[in-house]
Every structure is written in structure tokens, then in C-alpha cells.
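Here's the structure we're looking at; comments come further down.
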Amino acid sequence: MNDVKFNKTLIFINSLVPLALLVWDAFFGKLGANPVEFTIRTTGVLTLLFLLITLAVTPLRKYYGWNNLVKYRRMLGLYAFFYGFLHLVAYSIFDKSFSLSAIAGDVWERPFIAVGMLAFFLLVPLAVTSTNAMIKRLGGKNWARLHKATYAAAILGVIHFWMIVKSDVFYPLLFGLILAVLLGYRIYSANEKPKKKLATNNTN
Ligand code: HEM
């Protein structure tokens, strides 16, 4: 098995460990006083975590030259979507018993739900267009432009998290700072590109 295949298998299995632990703890009644809330919160944090890990690929690749990392980005992005989907399912079924009127009422009454929904629905077209066939169909440029929606989904995820926590803003702040660095690096390297090009042209 070549390294990339081995690493992909490793990432695939390890990314499922949090879910396996959640199911295990649910089975043995170890999810605490409010298992539904624990499940929703855990899957929410995992969604945001995988989004940030996915967004870290490009800066790490550019800064350290770890070009191979790009081979794992699709799987990491799909895991962000997967945990986001579990988050939505846990909320819709376990919390709202799949009552569309209750969900609609909640979107209205609790704005953080609307923000979460928006973040999730931004992830849907990204998941749908993650296949090689879709990249070919869209064309690399359009695909890359569409996948910038990941930035908006992550920003909305942090805002959603911030709106939920009452006083203890430590974790939303931490996620927000990491996201700011990952997006800040992109803005910085985008500004650097023309300068580098100019410098190269001048030396030629
Ligand atoms: C699909 C739409 C979504 C709905 C309906 C939703 C709903 C919720 C609810 C009800 C909570 C728990 C609030 C509480 O305990 O008081 C929550 C927590 C959370 N959600 Fe979402 N969410 C959605 C999408 C997202 C997305 C896309 C992300 C990430 C990008 C996300 C990240 C989080 C985080 C980090 C938490 C907080 C966990 C904690 O308090 O420890 N959610 N969400």
C-alpha cells in the first residue's frame, strides 16, 4: 500500500473515532445528564474542528511546502460535512422530534439556529461538488471560486458558537482566532503573489 493510501486510511479511521466514542458512551449511558445536548454540542464542535483542519491545509502546504497534504483535503472537508449532517440530524430528530414546525419556530426564535443552518447549507454544494467528475464539469476556476464558501461557512460556524455560549467565550474565541490566522494567511499570500511576480519579472 503506498503512503498516500496508507495515510488516507489512517485519517479515515481516526476521523471516525469521535463518533465511535460518542456511540459507545451513548450505549453505556455515559453522555451525562443531558445526552441529546451533549451529542448536539459534540457534533457541532467536530464540524467546526474539521472545517478548521481543512482550511489549515493550504497555509501548511504553502508555508512548509507540504504539498502532499492537498491529497487529504477532500476527505477532511467531507468529514466536516459529515459531522455537520450528524449535528443537524441530532438536533432535528433527538431535540425537535423531526417536527418541521418546531424547527421553523426555533429558527425564528433562536437566531443562532438560523446562523447554523446557513453555515450548514453552504457546506451542501461543497460536498456535492467534491467529486473528480464535478470538478471536471465545473472547471477548476469555478470550482475553486465555489469552494471559497468554506470561509463563509467557518465564519458563520464561529458566530453560531459565539451566540450560543453565554459568558464563557473562551472556545468560540479560540476557534475564531485560529480561523482569523488561517484566513489572514490567505489574504497575506494573495497580496504577496503579484509582488513576487513583479520581482521575478524584474530579475529576468
Ligand atoms: C444545520 C444547522 C445547525 C443547527 C440546527 C445547529 C444547532 C445547534 C444547537 C441547538 C446547538 C446547541 C446549543 C446549546 O446547547 O444551547 C449547537 C451547538 C453548536 N453548533 Fe450548531 N447547528 C447547526 C449547524 C452548525 C454548523 C454548520 C456548525 C459548524 C460550522 C455548528 C457548530 C456548533 C458548535 C461549535 C456548537 C456549540 C457546542 C458547545 O456549546 O460546546 N453548528 N448547534
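Quick check on my filter: what residues within segment 22-43 are in contact with a Phe, Trp or Tyr (Cβ under 7 Å, 6 or more places away or on another chain), within 11 Å of the ligand (Cβ to nearest atom) and not polar (S, T, N, Q)?
V36, I40
Failed condition for A56, given (1) closer than 27 Å to V4 by Cβ; (2) open to solvent by 40 Å² or more (accessible area, probe 1.4 Å), with all others met?
(2)
Testing W66 on (1) without any contact (Cβ under 8 Å) to a residue 24 or more places away in the chain; (2) touching a helix residue (DSSP H, G or I) at 6+ places or on another chain (Cβ under 6 Å); (3) within 9 Å of the ligand (Cβ to nearest atom), one condition comes back false. Which one is that?
So W66 meets the others, but not (3).
Listed here are the residues, each with its yes/no results for (1) within 8 Å of the ligand (Cβ to nearest atom); (2) out of contact with any His (no Cβ under 7 Å at 6 or more places or on another chain); (3) modelled with pLDDT under 95.
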site: I113; (1), (2), (3): yes, yes, no
site: G116; (1), (2), (3): yes, no, no
site: A119; (1), (2), (3): yes, no, no
site: P125; (1), (2), (3): no, yes, no
site: N132; (1), (2), (3): no, yes, yes
site: G140; (1), (2), (3): no, yes, yes
site: L146; (1), (2), (3): no, yes, no
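What is the residue count in segment 148-204 for residues that are modelled with pLDDT under 95, within 12 Å of the ligand (Cβ to nearest atom) and small (G, A, S)?
0
Would you confirm whether any residue within segment 92-109 is within 12 Å of the ligand (Cβ to nearest atom), touching a Lys or Arg at 6+ places or on another chain (Cβ under 8 Å) and small (G, A, S)?
Yes, the conditions are met somewhere in segment 92-109.
Is segment 20-32 home to any residue that is among the β-branched types (V, I, T) and surrounded by 15 or more Cβ atoms within 10 Å (Cβ to Cβ)?
Within segment 20-32, none of the residues are among the β-branched types (V, I, T) and surrounded by 15 or more Cβ atoms within 10 Å (Cβ to Cβ).
Any residue in segment 93-106 that's open to solvent by 40 Å² or more (accessible area, probe 1.4 Å): show its pairings with residues that are more than 11 Å from the ligand (Cβ to nearest atom) and not aliphatic (A, V, I, L, M) at Cβ separation under 8 Å, as long as the two are six or more apart or on different chains.
Cβ pairs passing all conditions: none.
The values are calculated or read from the model by the stated rules, or taken from the named source; none is laboratory data. Model, not experiment: these values are computed from the prediction. For neighbour counting, all protein chains shown are included, and Cβ atoms are generated from backbone atoms with ideal geometry for every residue, glycine included. With ligands, DNA and RNA removed, areas are computed over all heavy atoms of the protein, side chains included. Shrake-Rupley method; radii C 1.70, N 1.55, O 1.52, S 1.80 Å.
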